[in-house]
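What follows is a structure written as structure tokens; I'll ask about it next.
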Amino acid sequence: MTLWLALNSVAITMLGAVLFLVLRQLGFVLQRSGPVGARATTDGPRIGEGISPHFAPAGVNDGKAKLIVFMSETCAICGLVRKGAEELARVWALEADVFLIYDCAEGGSTSLTPIAPGLWLKKDPSLRHRLSVNLVPFAIVTNATAVVVSKGLVNDVTHLESLLEAEMVKRRTRGLDHTVESGAPLPGTEYSH
């Protein structure tokens, strides 16, 4: 009888451990899955609409695309989005500037602070409302002329990257079109006789 109880308690303990591991893996899957791109919304400026670059200082208009990420200090998911935006700023530093725009209590500093190359932070309680952004975290991508090319609600780095990637593909395609029109060989197609 004692052996039977011991075997049962070992079996129950093992089943509990297996159940814990399965639920843990399910949590990882649910955390990593979800919408592939940013969720479309009617918030914010319309696609194709120009926005005045009143969030950027004079020296930042350098011909790069802009990823503008609106967050709130009270938003739980915004910390994860910020880490993703910082990573994108490192990866896309030569092609895009990233602006982290936080809501803050009235009276906070509204100056734009450089955090790293291509990464800027601004705490502005009214900018989000001036651009009609009602939900956070929300991202807007503009081209070099401050025209909105993509936007949406974001929850992680893949959402941010999906918005930015659309503009980067357009820029690269335009560069290849220009190369073909000029008669120069495409990269990797040169050959010697």
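If you check every pair at least six apart or on different chains, which have Cβ atoms under 6 Å apart with a residue in segment 113-142 that is farther than 12 Å from P45 by Cβ first and a residue that is polar (S, T, N, Q) and assigned to a strand (DSSP E or B) second?
L121/T113; V136/S72
Would you call V136 touching a helix residue (DSSP H, G or I) at 6+ places or on another chain (Cβ under 7 Å), modelled with pLDDT of 85 or more, under 19 Å from T158 (Cβ atoms) and in a loop (DSSP other than H, G, I, E, B)?
So V136 passes the test.
Please work out which one of (1) under 15 Å from the mean Cα position of the chain (by Cα); (2) over 14 Å from L164 (Cβ atoms); (3) surrounded by 14 or more Cβ atoms within 10 Å (Cβ to Cβ) is the condition G79 fails and give its number.
Status for G79: all satisfied but (3).
Of everything in segment 20-49 that's modelled with pLDDT of 80 or more and farther than 12 Å from I140 by Cβ, which residue is farthest from the chain's Cα centre (by Cα)?
Per the stated criteria, the residue is F20.
The values are calculated or read from the model by the stated rules, or taken from the named source; none is laboratory data. These figures come from a predicted structure and were not determined experimentally. Quick reminder, even Gly has a Cβ in these numbers, built from the backbone with ideal geometry, and neighbours come from all protein chains shown.
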